1. Give me SER72, SER121 sorted ascending by neighbouring Cβ count inside 10 Å, so fewest comes first.
2. Once the Cβ-Cβ distance between SER121 and ASP76 is put in as r, and R0 is 25 Å, what FRET efficiency do you end up with, to the nearest 0.05?
3. What is the order of CYS107, CYS89, fewest Cβ neighbours within 10 Å to most?
Amino acid sequence: MDTIRQRLEHDLNTAIGRLRHLGGAVTVEELPGAMGINSPFADEVDGIQASECQDIGCAIRELLAGRVNRLSAALDRLDKGEYGTCVECGEAISPARLHVMPEVQTCVRCQDRIERFERQSGRKAIASQFDES
Ligand SMILES: [Zn+2]
């Protein structure tokens, strides 16, 4: 069990480190001032700022933040002795699956069910958008 803890802690530290690194490197807020009001690109920079969370850096930050959450939740479950069991059905998660994704919370069957449900609700949302127009 200690090796799983070490792996989780290592992955957590790596993810947090990458998150910090990204946070320091992305300074979109400082761009307009540095370029000056008379810059021909000022309007475009405003546009970039408005859609701040649609850029790739933001998407990566969100992915990493999600991973940090899952890894710390996995360490929590390890402390409680619940690690390795599916949070949905309570069945044991296969060791092979845990080896590939140590932070995983659900067994393959439940993951399939959740992903199918999300795809279905996503399709419904898109379909209702078309209905309105
Ligand atoms: Zn399950």
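FYI, it's all coordinate maths here, none of it is from the lab. The shown structure was predicted, so the numbers you read here are calculated from the model rather than taken from an experiment. All Cβ positions, glycine included, derive from the backbone under ideal geometry; neighbour counts span all protein chains shown.
1. So the residues, fewest neighbours to most, are SER121, SER72.
2. Result of the calculation: an efficiency of 0.35.
3. CYS89, CYS107
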